[in-house]
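Worksheet: one structure, shown below.
The values are calculated or read from the model by the stated rules, or taken from the named source; none is laboratory data. Worth saying up front: this structure is predicted, and the values here are computed from it rather than measured. Note: ideal-geometry Cβ built from the backbone for every residue, glycine included; neighbour counts use all protein chains shown. Just so you know, the surface numbers come from the protein's heavy atoms only, side chains and all, with ligands and any DNA or RNA stripped out. Shrake-Rupley method; radii C 1.70, N 1.55, O 1.52, S 1.80 Å.
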Amino acid sequence: MNGGNGRRRLTGRAAAGKGAAAHRSAGARRRLARTGGEVPLDRLTTRGRLAWLNAAGSRIGTTLDLERTAQELAEFTVPGFADGAAVDILESVLRGDEGSRWTGTGVPLMRATALCAVEELSSLEPTPVGQTFVREEKAHETLLHRYCLRQGRPVLVSRMRNEDFTKVAPTASAAAQMRAAGVHSYLAVPLIARGLLLGSADFVRGPGSPPFSSTDLALAEQLASQAAVYIDNARLYGREREHVVSLQRSLLPRATPVTPGLRVQAEYAPSTAHHGVGGDWYDVMALPGGRTALMVGDVMGHGLPAAATMGRLRAVARTLMTLDMAPERVLARLDLATRDLEDEQVATFLCAVFDPADSTYTLASAGHLPPLLLDGQGSAEFVDVPIGAPLGTGVIPYDPIRLKVPAGGHLAMYTDGLVKSRQADLDHQLDRLRSAARGLTPEALAGGGLIGCSPADAARFDEAVLLVAATASGTPADLCEWQLPQEGRAASVARGLVTDQLAAWDLAELADVFELVVSELVGNALRYGNGPGRLRLLRGERLVVEVSDTGPDLPQIQHADLSDEGGRGLQLINMLCRRWGSCRTVTGKVVWAEQNLPS
């Protein structure tokens, strides 16, 4: 509290709107003294006062929460030391900035942070905890301002006279309330840590209590010095945690892309524990041919190193998926990248690639929890994905599986924060998650309803990521796929199929370019890939055509001389299309090309 507003904040925290302060009457305090309970400090010996200060170390600063630490300070001093206590913290400190000595006029912007008072002082009207306040300096009312906040020195008014109330209270009515409540002694001490001002703590005594003495002043200064260190530690931790959370959120996707045949909903639930910020992440990527890559990972450990490792692994994973690599190959490359990190981090990772043509997933896991498959009819089962070693351990290769998802089904991928609990083992929590998923509607699942099914302490214990992908019914209307013949007329058949489909989509103006492109792709498949396999045409944000074959070699652009009769097919595709690429599959490879749609 400051000299004025603080006196109005000495009622319980329940009246202030946060928590419940300790309300004890002076008579009850005296009864405690007679029965050998909580003895007031004015009756303790020097050794007893030292023991009281030592006890502060176990009752103040029990958490790294700044506001909670301030409240513990106020509650520790009432009623043993004072009948009322309030702690005000500089608003800049609560924002994570450094404290400072105040050199301006008036009092810096402060926030009422903690309150505690005995029942006899309940008539005082408090400023609600959490409210900021500024008091303009008056020429004759500079006691608390000048000495406590400006010069960092304590203020002691052992026996308050009538004029002293106006020096402490902000208004005449507040001063009258203090007189009526019987407040007769006032003490304020600055909260200073590492030479920087963090705020102030002030105390009052009312009826039935002796006035503050110089001994009480010395005791309050020692207590304030000790508590200021705890408050500053909480401030430093809060600033570091804010930086880690900001870094982590900046590394997570801001939006999920629109992909054919799939609706994806992602949820991130941060931890409220002081060590809970870590390396959980997810990603959703649109791949050529209408496929979608879903990735969920968890870096073991917490804090800034885990968040930084998460960012690096996610960047590598996105780069590898941009190359349209198979999930098991992505995991193998990620393991090599993780082993190259200097901090020797270990992470779990689950990668799934969805193909809307047949509603199948290709999944590979590096030590991650199994995904949950819901068929849309009330059944929920965990997918038996071969669990490889976590990334960074050097145990490869990884084994993929192919999973068929029924129409209307959901695939839920998550991190262990969703099921982790101190009270139950992992298998029990997984069963609980599966049971909860069976009772959710498809709309609730797609909306992240599983986050609310985590154990009571999971959200506080560790952060959690949930990624739910819902498959649409049937093949998307913007995706067409045909089986090409294994003979020379395959190019002609492919041109006719593409031309007819583009006309049906009112994209006939692209027919000439795509006839040429598909002819080159099919020709390469005939010459180097043991014949073409399937032709796929996708209309999404862009128009994509791809041709598969069983050849092992990926195509590369060749340098053709003027006299060469061949070697210019991929050069032509590279000139006509926005981009092109190729990727290996289980049976061979896929070569694709992409073109912008007309505006």
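If you filter segment 308-410 for GluC sites (Glu not before Pro), then keep DSSP loop positions with at most 14 other Cβ within 10 Å, what is left?
Of the GluC sites (Glu not before Pro), the ones in loops of segment 308-410 whose Cβ has at most 14 other Cβ atoms within 10 Å are Glu342, Glu344.
With a/c under 1.5 counting as rounded, go ahead and sort segment 340-426 into rounded, prolate or oblate using the C-alpha gyration tensor (a ≥ b ≥ c being the square roots of the eigenvalues; past the cut-off, prolate if a/b is larger than b/c, else oblate).
Oblate, because a/c is 1.5 or more while a/b does not exceed b/c.
Could you order the peptides 49-55, 374-380 from most to least packed, using the average number of other C-beta atoms within 10 Å per residue?
Answer by packing, highest mean first, reads 374-380, 49-55.
With a/c under 1.5 counting as rounded, go ahead and sort segment 518-557 into rounded, prolate or oblate using the C-alpha gyration tensor (a ≥ b ≥ c being the square roots of the eigenvalues; past the cut-off, prolate if a/b is larger than b/c, else oblate).
prolate
Going by accessible area, probe 1.4 Å, with all protein chains left in place, what is the ranking of Leu196, Leu502, largest first?
Leu196, Leu502
Roll a 1.4 Å probe over the protein heavy atoms and report the accessible area of Asp500 in Å², nearest 10.
Rounded to the nearest 10, that gives 110 Å².
Can you tell me the accessible area per residue over segment 328-416, all protein chains present, probe 1.4 angstrom, in square angstrom?
Spelled out: the 1.4 Å probe surface of segment 328-416, per residue, equals 38 Å².
Cα centroid distance between segment 198-263 and segment 344-361, in Å?
Answer, in whole Å: 41.
What list of ³J(HN,Hα) couplings, whole Hz, do you get for segment 214-231 from phi and the Karplus terms 6.51, -1.76, 1.60, once you set θ to phi - 60° and write x for glycine and proline?
Once rounded to whole Hz, the list reads 4, 5, 4, 4, 4, 5, 5, 5, 5, 5, 5, 5, 5, 5, 4, 5, 5, 5.
Is segment 506-599 best put as rounded, prolate or oblate by its Cα gyration tensor, with a ≥ b ≥ c the root eigenvalues, rounded for a/c under 1.5, and otherwise prolate when a/b is larger than b/c, oblate when not?
Judged from the Cα gyration tensor, segment 506-599 comes out oblate (a/c at least 1.5, b/c at or above a/b).
I'd like the Karplus ³J(HN,Hα) series for segment 368-373: coefficients 6.51, -1.76, 1.60, θ = phi - 60°, whole numbers in Hz, and an x wherever there's a Gly or Pro.
8, 5, x, x, 10, 9
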